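Below: one structure, written as structure tokens.
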Amino acid sequence: MLAGKRLLLIIGGGIAAYKALDLIRQARRAGATVTPVLTRAAEEFVTPLSASALAAEKVYRDLFDLTDEAEMGHIELSRSADLVVVAPATADLMGKMAGGLANDLASTLLMATDTPVLIAPAMNVRMWEHPATQRNLATLRGDGVKVVGPDAGEMACGEFGPGRLSAPEAILAAIEAHFADGPLTGRHVLVTSGPTHEPIDPVRYIANRSSGQQGKDIAAALRDLGARVSFVTGPADVAPPEGVEVHRVETAAEMLRAVEAALPADAAVFAAAVADWRVTDAASSKIKKDGSGALPTLSFAENPDILATVSKGAQRPKLVVGFAAETDDVIAHATAKRARKGCDWILANDVSPATGIMGGTENAVTLISEEGAENWPRMGKDAVAARLAARIAEALA
Ligand code: CTP
């Protein structure tokens with residue numbers, strides 16, 4: 001239920017805007033207060049009076065309204081809610097949000113707000129499928145914006161496909177899901193993921209076979225339990241999960257900087273396969289064959305150990321979890337690694353090629369903690385992630 005929750009409902013200009021009126025009714029019935037904001041275009045489809053009457057609240061329409069500014073400035077308005085809902089989110093509104101434009105009240109509120117945002121897109125199917133809209137959608141998801149719909153079906157314009165505004169019941173369910181508490185609600189967890197790339201010259205680098213799948217699954221599982229997740233990822237094969245704060249890096253040194261900038265955190269999981277060495281004096285232009293058959297010589301320096309640095313640092317999270325990728329004597333090496341790095345738990349896994357774990361979809365791990373070693377059966381990386389997230393929630397409770 002939504003008792004006591006304050007929603008700022010931005011109604012975009014589309015044929016589906018009338019459904020936003022029903023959403024107001026249903027959200028109020030669920031206990032929420034709804035403050036409507038209408039874009040200019042929305043007023044072509046619904047009247048401010050009907051929105052105001054159904055919400056039993058003042059409706060905001062104009063960025064430069066002197067009375068509104070005197071009563072409640074637009075910055076304050078943007079922050080007065082527990083959730084900003086955009087329904088229908090038109091292609092134009094999504095474009096403005098993704099591009100950071102603020103040239104009317106709705107877009108200014110969306111730029112100024114520090115509360116979470118949920119959008120319910122609605123537009124013609126061609127517009128929805130247009131690469132620009134899909135790009136904007138990806139950007140918004142990366143920014144942590146939640147998305148409900150659109151549905152597929154016959155559209156007002158006569159075409160068929162995805163683009164229809166979700167039913168008010170479905171939007172309401174997404175709003176309720178947003179407020180549902182998980183065991184990690186209010187917690188901040190940091191996750192590193194993927195490989196790092198250490199440059200040799202502008203076109204060549206040293207890397208490893210990590211796909212980033214396990215780190216991605218862990219971040220998603222923590223998010224699903226309600227955590228705010230800072231996701232620091234190297235150049236992984238898999239895309240980051242939705243609804244987490246993504247920090248993209250290339251090298252181990254950049255990863256350490258991004259991790260330190262994201263602290264403090266309640267817990268941190270170091271799933272990245274960080275390159276142990278970097279090439280000293282990486283060439284600034286491409287290394288060429290000189291025709292003599294002479295081979296280039298690379299010299300290496302050791303990279304900072306991010307897990308150890310954080311485990312022993314002043315901003316150490318309460319729970320620090322590392323991985324140990326080993327090919328032999330897995331438990332013995334991982335136990336020694338836990339002590340050496342100063343973390344609380346190590347998830348040890350056997351990455352010998354025969355296991356197919358590195359780059360695969362399954363993982364077989366042993367959790368090593370102060371209490372000893374606990375074998376987990378071989379399971380999907382998503383199941384390992386869910387189990388780990390649940391254990392983290394228990395440990396932080
Ligand atoms: N790790 C890290 N920074 C590094 C190297 C590793 O944060 N420069 C983290 C990994 O994210 C992982 C753990 O340390 O959680 C262990 O990684 P692993 O590659 O198994 O260990 P190494 O320290 O590289 O040890 P070795 O190569 O001797 O096995």
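The values are calculated or read from the model by the stated rules, or taken from the named source; none is laboratory data. None of the values given here were measured: they were computed from a predicted structure. Every residue, glycine among them, receives a Cβ derived from its backbone with ideal geometry; neighbour counts consider all protein chains shown. Quick note on the areas: whole protein, heavy atoms, side chains included, nothing else; ligands and nucleic acids left out. Shrake-Rupley method; radii C 1.70, N 1.55, O 1.52, S 1.80 Å.
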Stokes-Einstein D (µm²/s) once Rh is taken as the Kirkwood radius of the chain over alpha-carbon pairs, at 20 °C in 1.002 mPa s:
91 µm²/s
Once normalised by the length of the chain, the mean sequence separation of its alpha carbon contacts under 8 Å that are 6 or more apart gives a contact order in percent of 11 percent
Give the residue from Ile175, Ala273, Val34 lying farthest towards the positive end of the charge dipole for the chain; charges sit on Cβ (+1 for Lys and Arg, -1 for Asp and Glu) and the dipole is referred to the Cα centre.
Ala273
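For Asp62 and Met379, what does the FRET efficiency come to when R0 = 41 Å and r is the distance between their Cβ atoms, rounded to the nearest 0.05?
Efficiency computed from Cβ-Cβ geometry: 0.15.
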Where in the chain is the longest stretch that carries no GluC sites (Glu not before Pro) classed as loop by DSSP and with at most 13 other Cβ atoms within 10 Å?
160-369
Taking amide H atoms as placed 1.01 Å from N in the peptide plane, list the residues 5 or more away in sequence, or in a different chain, whose amide H sits under 5 Å from that of Thr251.
His197
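Could you size up the charge dipole of segment 1-179 around its Cα centre, putting +1 on the beta carbon of Lys and Arg and -1 on that of Asp and Glu, and report it in debye to the nearest 20?
For segment 1-179, the charge dipole is close to 380 debye.
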For segment 1-179, what class follows from the C-alpha gyration tensor (a ≥ b ≥ c being the square roots of its eigenvalues): rounded when a/c is under 1.5, otherwise prolate if a/b is larger than b/c, else oblate?
rounded
Among Asn375, Asn124, Asn363: highest mean-square fluctuation, GNM of the chain, C-alpha pairs under 10 Å:
Asn375
Compute the relative contact order of segment 1-179 as a whole-number percentage, counting only Cα pairs closer than 8 Å that sit 6 or more residues apart in sequence.
23 percent
Please report the net charge: other residues with Cβ closer than 13 Å to the Cβ of Thr113, K and R +1, D and E -1.
-2
Heavy-atom surface of the chain, accessible at 1.4 Å and reported per residue (Å²)
47 Å²
In the chain, carbon and sulfur make up what percent of the accessible area (probe 1.4 Å)?
52 percent
Mind listing which trypsin sites (Lys or Arg not before Pro) in segment 1-84 are in a DSSP loop and have 16 or fewer other Cβ atoms within 10 Å?
Arg40, Lys58
Can you work out the PRE-style zone for Cys157? Point 7 Å along Cα to Cβ, and I want the residues of segment 6-41 with backbone N under 16 Å.
13-17
Could you grab the relative contact order for segment 257-397? Cα pairs under 8 Å, six or more apart, rounded to a whole percent.
19 percent
Per GNM of the chain with C-alpha springs under 10 angstrom, the most fluctuating residue out of Leu49, Leu295, Leu21 is Leu295
GNM on the chain, C-alpha springs below 10 Å: top fluctuator among His197, His247, His130?
His130
Which links in Lys318/Lys381; Lys341/Lys381; Lys146/Lys341 stretch past 29 Å when you go from one Cα to the other?
Lys146/Lys341
Restricted to the chain, the DSSP antiparallel beta bridge percent, nearest 5, is 30 percent
Across segment 124-136, in residue order, what do the Karplus-derived ³J(HN,Hα) couplings come to in whole Hz, using 6.51 cos²θ - 1.76 cosθ + 1.60 with θ = phi - 60° and x for Gly and Pro?
4, 4, 5, 5, 5, 7, 4, x, 5, 5, 5, 5, 4
When the chain is fully extended, how far beyond the present Cα-Cα distance does Ile75 get from Ala336, taking 0.36 nm per residue of separation?
88.7 nm
